[in-house]
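Trainee: A single structure is presented below for examination.
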Amino acid sequence: MRSFAKVFCLSLLAVALLAGSAQARTVEGCVIKHHTSCHHKNLNGKDLRGAVLHHSVLHNMDLRHANLRGADLRYADLRKADLRGADLRGAKLKGAKLHHYTAPKKKGARKSATPSCAPNCSGADLSYADLGYADLEKANLSYANLTGANLNYTNLYWATLTYATLTSAYLGYADMTQVFAEHANLTGANLTYANLVTAYLGYANLTQANLTSAYLGPGTPGHRADLTLANLTSANLTGANLAYANLSRANLTGATLSGTYFYNTDCQNGTRTLPSINTTGVFSTCPAS
């Protein structure tokens with residue numbers, strides 16, 4: 001009986017060890033597990049579907065065209081990682097670091113200027129990925145697919161979203177200050193309370209987007225949100241702040257402008273709203289047509 005119990009326990013231990021080793025597989029010198037450290041590795045085109053890499057150090061990695069569908073990258077350090085063409089559909093990136101990277105200085109080293117480097121996610125498939133609270137400051141997301149992605153509370157300061165697809169994406173409370181989103185597709189996106197001060201949204205498609213209480217102002221004459229030729233058809237701008245915003249030749253057909261704040265706003269028809277309140281005590285508005 002004792003020998004049976006001993007054999008049984010050893011069998012369980014062997015199974016556990018095999019399972020652990022299976023989970024912690026190694027790809028090109030990188031141990032695929034949470035809290036791992038494998039920066040500067042080349043995993044170009046590798047199959048990392050469902051990989052558990054939360055809280056890992058992955059900066060300066062080559063992840064071009066890697067399959068990261070459903071991967072857990074929460075709070076991972078992905079600064080200066082190259083994610084061009086990577087498939088991150090359904091991946092979890094909450095709290096991940098994807099902003100510019102400054103290498104740690106060695107003791108006694110002379111100070112140097114911060115390098116102007118940012119992660120390259122150009123063309124990456126991030127559809128339905130969880131990027132809530134992620135730091136994407138200065139990230140290059142041009143041509144990226146962010147359809148249905150969760151970007152609530154995400155830091156997108158100075159990020160590039162040119163030609164990116166953000167259809168039905170969630171961008172509530174996101175910091176999109178000075179974001180470059182020309183020609184971006186934001187159809188049906190939720191931008192409630194998003195900060196879009198000095199954002200560049202020229203030619204962007206914001207059809208049926210929810211911009212309730214979004215901040216596109218107050219800017220200044222030289223620093224303001226630019227929505228030149230943007231499509232805002234049936235967009236909800238209830239309570240949005242459009243002070244100093246440039247709506248030149250934008251399409252506002254059917255847009256909801258209830259409580260929208262206009263202050264020195266350049267309207268789509270070439271007119272400019274009054275500085276504050278008109279003579280009848282009603283806020284001046286741009287026409288919803």
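Laboratory data are not the source of any read-out in this text; all were calculated from the coordinates shown. Note that this is a predicted model, so its numbers are computed, not measured. Note that each Cβ is placed from the backbone with ideal geometry, even for glycine, and that neighbours are counted across all protein chains shown.
Trainee: With a 10 Å radius around each residue's Cβ, average the other Cβ atoms per peptide and rank 48-54, 190-196, highest first. Provide the component values of the computation, followed by the final result.
Mentor: Details: 48-54: 20.4, 190-196: 24.3.
Listed from highest to lowest mean packing, they are 190-196, 48-54.
Trainee: Something else about it: Please name which of His65, His54, Asn44 has its Cα lying farthest along the dipole of the stretch 25-96 towards the positive end, using unit charges on Cβ (Lys, Arg +1; Asp, Glu -1) and the Cα centre as origin.
Mentor: In the stretch 25-96, that residue is His54.
Trainee: Just to compare against my own numbers: the Cα pair-distance distribution for the stretch 25-96, 5 Å bins, whole % per bin, please.
Mentor: All Cα pairs, binned at 5 Å, distribute as 5, 20, 31, 36, 8, 0 percent.
Trainee: What relative contact order, as a whole-number percentage, does the stretch 25-96 give when Cα pairs under 8 Å and 6 or more residues apart are counted? Could you put the intermediate results ahead of the total?
Mentor: On the way: 209 pairs, mean separation 19.2, N = 72.
So the answer I get is 27 percent.
Trainee: All other residues with a Cβ under 13 Å from the Cβ of Leu229 taken together, and with Lys, Arg as +1 and Asp, Glu as -1, what is their net charge?
Mentor: Details: positive: Arg249; negative: Glu182, Asp226, Asp266.
Local charge sum for Leu229: -2.
Trainee: Once fully extended, how much extra length lies between Ser258 and His35, figured as 0.36 nm per residue of separation less the alpha-carbon to alpha-carbon distance? Could you put the intermediate results ahead of the total?
Mentor: Numbers: separation 223, 0.36 × 223 = 80.28 nm, distance 4.85 nm.
Value of the extension gain: 75.4 nm.
Trainee: Between Thr271 and His223, what's the calculated FRET efficiency when r is the beta-carbon distance and R0 is 30 Å? Round to 0.05.
Mentor: Values: r = 22 Å, r/R0 = 0.72.
In this case the efficiency is close to 0.90.
Trainee: By how many nm would the segment from Glu28 to His55 grow when fully extended, if each residue of separation counts as 0.36 nm and the alpha-carbon distance is taken off?
Mentor: Numbers: separation 27, 0.36 × 27 = 9.72 nm, distance 1.96 nm.
Result: 7.8 nm gained on full extension.
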